[in-house]
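Participant: Mind looking over this structure? Questions follow.
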Amino acid sequence: MNYWIFKSEPDEFGIDHLATAKKQTARWDGIRNYQARNNLRDNVKQHDRVLFYHSSCKQIGIAGTMEVVKAAYPDPAQFDAESKYYDAKSTADNPRWYCVDVRLLEKYPEVISTKSLKANPATADLSIFKQGRLSIAPVSAKQWKAVQDMLAD
DNA sequence: GCCAACGTTGGC
DNA sequence: GCCAACGTTGGC
């Protein structure tokens, strides 16, 4: 089983959206970055665990955890001309973009702030801090555990 | 709302 | 295939 961190702007889609969704399950779509897409399509598997990161908001940081309930499949939004994620260059035979389905595991009582994550040596090297644009990034088992341990503090 | 960083595009 | 210009992201 692998660990990941997914980034989202909570104004668009935050952990509360997931918490109130049917079966607390939702499609994680709109990924339009190639490196993130490659991770998603090739490496994110069913039952993998995911940290939910809130970006560009008041409380930036990790808001909770999710489980991948369905591995990558073509993102329907890319074929929808009405969608802002529409991509005219993508075809059904050769889809460019992928999405997964996720289910809420745990909403943290407090968002674990970016500041505290950077202050902790075990989490300071999370790939999202090194590579800002990556909205789907791997997390090591050690980093995952370190994040869970920060809850207890 | 600003600005730095970085990914993508497009002309050569 | 390089690289400048442009657009977007994301922290402050």
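The values are calculated or read from the model by the stated rules, or taken from the named source; none is laboratory data. Quick caveat: nothing in here was measured; it's all calculated off a predicted structure. Backbone-built Cβ (ideal geometry, glycine too); neighbour counts: all protein chains shown.
Participant: Can you name the residue in segment A:91-109 that is buried (at least 16 other Cβ atoms within 10 Å of the Cβ) and hydroxyl-bearing (Ser, Thr, Tyr) and is also farthest from DNA strand B (Cβ to nearest atom) among such residues?
Facilitator: Of everything passing the filter in segment A:91-109, A:108 is farthest from DNA strand B (Cβ to nearest atom).
Participant: Looking at this structure, is residue A:112 among the β-branched types (Val, Ile, Thr), surrounded by 14 or more Cβ atoms within 10 Å (Cβ to Cβ) and assigned to a loop (DSSP other than H, G, I, E, B)?
Facilitator: Judged against the criteria, residue A:112 is not a match.
Participant: Please tell me if residue A:104 is touching a Leu at 6+ places or on another chain (Cβ under 8 Å), farther than 14 Å from residue A:54 by Cα and touching a residue at least 40 places away in the same chain (Cβ under 8 Å).
Facilitator: Yes; evaluated as a whole, the condition is true for this residue.
Participant: Can you tell which of A:88, A:36 is assigned to a helix (DSSP H, G or I), within 16 Å of DNA strand B (Cβ to nearest atom) and modelled with pLDDT under 95?
Facilitator: A:36
Participant: Filter segment A:39-57 down to the residues that are at positive phi and within 16 Å of DNA strand B (Cβ to nearest atom) and list them by number.
Facilitator: Across segment A:39-57, the qualifying residue is only A:56.
Participant: Let me ask something additional. Give segment A:9-32 a look and list any residue that's within 23 Å of residue A:78 (Cβ to Cβ), part of a helix (DSSP H, G or I) and within 16 Å of DNA strand B (Cβ to nearest atom), or say none.
Facilitator: A:11, A:12 - these are the residues of segment A:9-32 that are within 23 Å of residue A:78 (Cβ to Cβ), part of a helix (DSSP H, G or I) and within 16 Å of DNA strand B (Cβ to nearest atom).
Participant: On to the next question. Could you tell me which residue of segment A:119-153 is farthest from DNA strand B (Cβ to nearest atom), considering only residues that are touching a residue at least 24 places away in the same chain (Cβ under 8 Å), closer than 19 Å to residue A:37 by Cα and outside any loop (DSSP other than H, G, I, E, B)?
Facilitator: Ranking the candidates gives A:139 first.
Participant: Now a separate question. Considering every residue within segment A:118-134, establish whether at least one is within 15 Å of DNA strand C (Cβ to nearest atom), under 22 Å from residue A:10 (Cα atoms) and in contact with a His (Cβ under 7 Å, 6 or more places away or on another chain).
Facilitator: no
Participant: Determine which single condition residue A:65 fails, assuming it passes every other condition in (1) among the polar types (S, T, N, Q); (2) more than 19 Å from residue A:21 (Cβ to Cβ); (3) away from DNA strand B (no atom under 16 Å from the Cβ).
Facilitator: (2)
Participant: Next up: Please find, within segment A:49-85, the residue that is nearest to residue A:107 (Cα to Cα) out of those that are of a type in the set (Asp, Glu) and surrounded by fewer than 20 Cβ atoms within 10 Å (Cβ to Cβ).
Facilitator: Residue satisfying both the conditions and the ranking: A:67.
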